[in-house]
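So the structure is just underneath, and the comments pick up after that.
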Amino acid sequence: MNFQEKIKQYARLSVAVGVNVQKNQEVLVQCPVECAYFARAIAEAAFEAGAKDVIVHYSDDKLQRVRLEHASIDTLTDIPPWKAQSNNFYADRDSVYIMISASDPSVFEGIDPKKLSAQVKATRQATKPTVDARMSGKMRWNICAVPSLGWAQTVFPDLEPEQAIQRLWDAIFTAVRIGDSDPVERWKQHQKTLDARTSYLNRMQFDALHYKNSLGTDLTVGLPDNHRWKGGGDYGPAGVFFVPNMPTEEVFTLPHKDRVDGVVYSSLPLNYNGNVIDKFSLTFKKGIVTDYSAETGYEVLQALLDTDDGAKQLGEVALIPYHSLISDMKILFYNTLFDENASCHLAIGDSYTDCLKDHKQMTEQQMRDAGANHSLVHVDFMIGTPDLTITGISKDGTQTPLFQNGNWAI
Ligand code: ZN
Ligand code: ZN
């Protein structure tokens, strides 16, 4: 298969398996200007699948950097209503959303972290209807990735620009299961494997998970009553199956925001808003971060944790074996979409409320009481190592080894 055919297949995968676009639906696409050719491929695939229209919003990180350098914090956080509405408008219209990720991991290096996080916060607030529609699964969405030059050169610093982009494309194609056999079929098989894991965990309904490794991690994460593990895709409220992340190797649920205790160490660098945070630790008491450290990006981590109260609590717990399709490539992608799928991770911030069994019948307050966290941010960070042990603790105290030496023990 040549490159153009792979691009076509990839676009089709995002449209048909990712958001699973239905006849006469609108497709909203967020795409970096550098990758416009891929937005066009998405548009072709979407119309072919019966979409009514495709609306593309182009973003430009380099322009964004210029604004962050020169504009005041007041200007940056003053999101014009038309701009918010250009997203929110579609949240009420039975549309689907595709986001193309291509960020250069260090594009915002040196920018005042306070400015950056204030702007992220203001944007999230202004587009809350869209964010809520996605977090609840009402608006089916898919994130897929396309190399930008800055990203490819960060991942492969020793290669010529063209080669770096090609290598990154190859890695992406491998990660999303594009090759000689039918990728749609391969995703079906993959889904079956993930379904077997989530069924087991949903049956067990562990009360807590205990993490331990030689980095120093010794953390107990409580799980809410009636939590639900998910993996791969899920059914949206309209009963249509969709796969939000491509690639995805994780099974995940929400932790109980107030029942996290101990210390956890990061195992991979984290690219947050174009800045790298590395070799960091978080100490939790009754669910809240009470202490933290970072060898790189301490101020960025500080600004992130200070976003709001929910940013100091956990919103996701995800299990991925140390040996997986992505981790076995032994590439550090500096992109959470990939790196989070190479390693067990947690997220601070907002939780996916549809991981509570009865979330549809619950008010926001009831979900909070049940343990769901609420924040303007949701940031995954990687904690998996080859010696990670995870033990499932049942309500009666029974301990079940879940992970040994970084991999599933069940
Ligand atoms: Zn995750
Ligand atoms: Zn996450």
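The values are calculated or read from the model by the stated rules, or taken from the named source; none is laboratory data. The structure displayed is predicted, hence computed values, not measured ones. Cβ: placed from backbone, ideal geometry, glycine included. Neighbour counts: every protein chain shown. Ligands, DNA and RNA are stripped out before the accessible areas are found, and what is left, the full protein with its side chains, is counted by its heavy atoms. Shrake-Rupley method; radii C 1.70, N 1.55, O 1.52, S 1.80 Å.
Assorted remarks:
- Here is the P(r) of the chain: all C-alpha pair distances, binned every 20 Å from 0, give 27, 63, 11 in whole percents.
- DSSP beta bridge pairing in the stretch 86-237, given as percent antiparallel to the nearest 5: 55 percent
- Full-extension gain in nm, Ser199 to Glu364, via 0.36 nm per residue minus C-alpha separation: 56.8 nm
- Loop-resident sites, the stretch 1-38, for trypsin sites (Lys or Arg not before Pro), counting at most 12 other Cβ within 10 Å (DSSP): Lys23
- GNM on the chain, alpha-carbon springs under 10 angstrom: the most fluctuating residue among Asp218, Asp339, Asp158 is Asp158.
- When nucleic acids and ligands are ignored and a 1.4 Å probe is applied, Ile410 ends up with an accessible area of around 80 Å².
- Partners for Lys188 among lysines (Cα-Cα distance below 16 Å; same-chain residues under 8 apart left out): Lys230
- Within a Gaussian network of the chain (alpha carbon springs, distance under 10 Å), most fluctuating of Thr154, Thr290, Thr363: Thr363
- Here the chain carries DSSP beta bridges of which approximately 75% are antiparallel, counting only pairs with both residues inside.
- Placing R0 at 35 angstrom, the Cβ-Cβ distance between Asp60 and Tyr298 gives a FRET efficiency of 0.75 after rounding to 0.05.
- Rolling a 1.4 Å probe across the protein heavy atoms gives the stretch 114-243 an accessible surface of 43 Å² per residue.
- Each residue was assigned an accessible area with a 1.4 Å probe, and for Glu162 the value is about 140 Å².
- Among beta bridges from DSSP that stay inside the stretch 1-158, the antiparallel ones total about 0%.
- Taking 0.36 nm per residue of sequence separation and removing the Cα-Cα distance, the Arg93/Glu162 pair yields an extension gain of 20.8 nm.
- Accessible area of the stretch 116-172 belonging to carbon and sulfur atoms, whole % at 1.4 Å probe: 53 percent
- Expressed as a whole percent, the accessible area of the stretch 239-367 that falls on carbon and sulfur atoms is 50 (1.4 Å probe).
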